[in-house]
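Dumping the structure here so I can ask a few things about it.
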Amino acid sequence: MTDTTWKTAITEIKPNEVRLRGYRIDELMGEITYAQAIFLALKGELPTKGVAKLLDAMLVSSIDHGATPPSTIAARTAVSTGAPLNAALAAGILSINRYHGAAIYDCMGVLEEGLHLVKEAGKDMETIAVELLAEYREKKIRIAGFGHRIHTSDPRTARLFSLAEELGVAGEGVAMMMAIQKAFHESGKDLPINVDGAIAALLIDLKMPRELANAFFIMARVPGLVTHIHEEQTRERPMRRIHPSDHTYDGPAPRDLS
């Protein structure tokens with residue numbers, strides 16, 4: 001070994017053989033989902049069936065949210081100027097920052113703080129939630145993961161929490177999130193738990209590092225951004241002025257999965 005030699009524990013490459021965390025990729029192909037492969041790459045082990053199903057749902061939940069988010073507008077604007085797909089996609093991803101897409105990371109921080117206080121102070125979650133809310137209000141800091149500019153009850157949150165309960169994944173993260181929502185309600189301010197807050201709670205219960213929080217939003221949103229980029233390239237004229245909200249939907253009418 002030389003002073004330039006370093007190690008990686010993720011993927012091993014040999015002639016005619018590729019292994020992810022020890023598993024041959026060609027043997028994983030057709031046997032596990034993309035979400036399971038993501039979990040394997042990040043955590044080093046394959047998830048249980050319940051965790052895999054929940055992770056799939058989490059990624060689907062944030063695949064797209066229309067043409068108004070800043071990352072979508074940025075991607076469409078870039079491709080409208082003639083940028084290739086990779087550059088337009090990069091523009092969209094680079095627009096996912098503190099005020100757009102970062103709520104998962106911030107919310108995980110609040111939940112981890114609350115759970116730490118529960119153990120340190122020996123108080124129940126409801127009491128800690130009330131104290132946390134009062135502290136954040138005094139400091140005039142918004143608690144991420146609550147409220148939505150469009151939804152008064154985020155349908156994605158209800159589905160994710162229902163699945164987590166059904167699959168036996170919901171734990172302290174979800175419980176702490178619900179306690180904070182209850183504290184909001186009792187304070188006279190009903191704020192819905194948005195999808196970012198739901199994902200934050202579930203990532204805690206999945207024992208995912210907080211440093212990876214916003215990666216889940218990015219991984220989920222990439223297909224949506226690619227779709228908007230392709231639509232902009234194929235349906236709109238180049239170099240147009242893109243209004244962030246003055247547009248109408250002309251896709252398929254509402255249809256049932258059944």
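Are there any helices (runs of 4 or more DSSP H) wholly within region 1-87 with 2 or more residues that are at positive phi and touching a His at 6+ places or on another chain (Cβ under 7 Å), and if so which?
Passing ranges: none, list empty.
Separate question: Across region 88-120, which residue is farthest from G145 (Cα to Cα) among those that are touching a residue at least 60 places away in the same chain (Cβ under 8 Å), among the small types (G, A, S) and assigned to a helix (DSSP H, G or I)?
A88
Okay, moving on. Can you find a residue in region 76-91 that is among the charged types (D, E, K, R), crowded, with 21+ Cβ neighbours inside 10 Å and assigned by TED's automatic domain parsing to the domain that holds L202?
The answer is yes; a qualifying residue exists.
What about G145, is it modelled with pLDDT of 95 or more, in the same structural domain as H100 (by TED's automatic domain parsing) and closer than 23 Å to S62 by Cα?
The answer is no for G145.
Follow-up question, since we're still on this one. Answer with yes or no whether H151 is over 23 Å from E113 (Cβ atoms), modelled with pLDDT of 90 or more and not hydroxyl-bearing (S, T, Y).
In short, no.
Another one. May I ask you to list the residues in region 189-202 that are part of a helix (DSSP H, G or I) and surrounded by fewer than 24 Cβ atoms within 10 Å (Cβ to Cβ)?
none
Kindly indicate whether any position in region 12-21 is surrounded by 13 or more Cβ atoms within 10 Å (Cβ to Cβ) and basic (K, R).
Yes.
Here are the criteria: (1) out of contact with any Pro (no Cβ under 6 Å at 6 or more places or on another chain); (2) at negative phi. Tell me which single one M239 does not satisfy.
The failed condition is (2).
For region 138-157, which residues satisfy the criterion of being over 20 Å from G66 (Cα atoms) and free of Cβ contacts under 8 Å to residues at least 12 places away in the same chain?
Those that are over 20 Å from G66 (Cα atoms) and free of Cβ contacts under 8 Å to residues at least 12 places away in the same chain: E138, K139, K140, I141, R142.
While we're here: Restricting attention to region 60-74, and to residues there that are of a type in the set (A, V, I, L, M) and over 14 Å from the mean Cα position of the chain (by Cα), which single residue is farthest from S95 (Cα to Cα)?
A67
The values are calculated or read from the model by the stated rules, or taken from the named source; none is laboratory data. Quick caveat: nothing in here was measured; it's all calculated off a predicted structure. Using ideal geometry, Cβ is built from the backbone for each residue, glycine included, and neighbour counts are taken over all protein chains shown.
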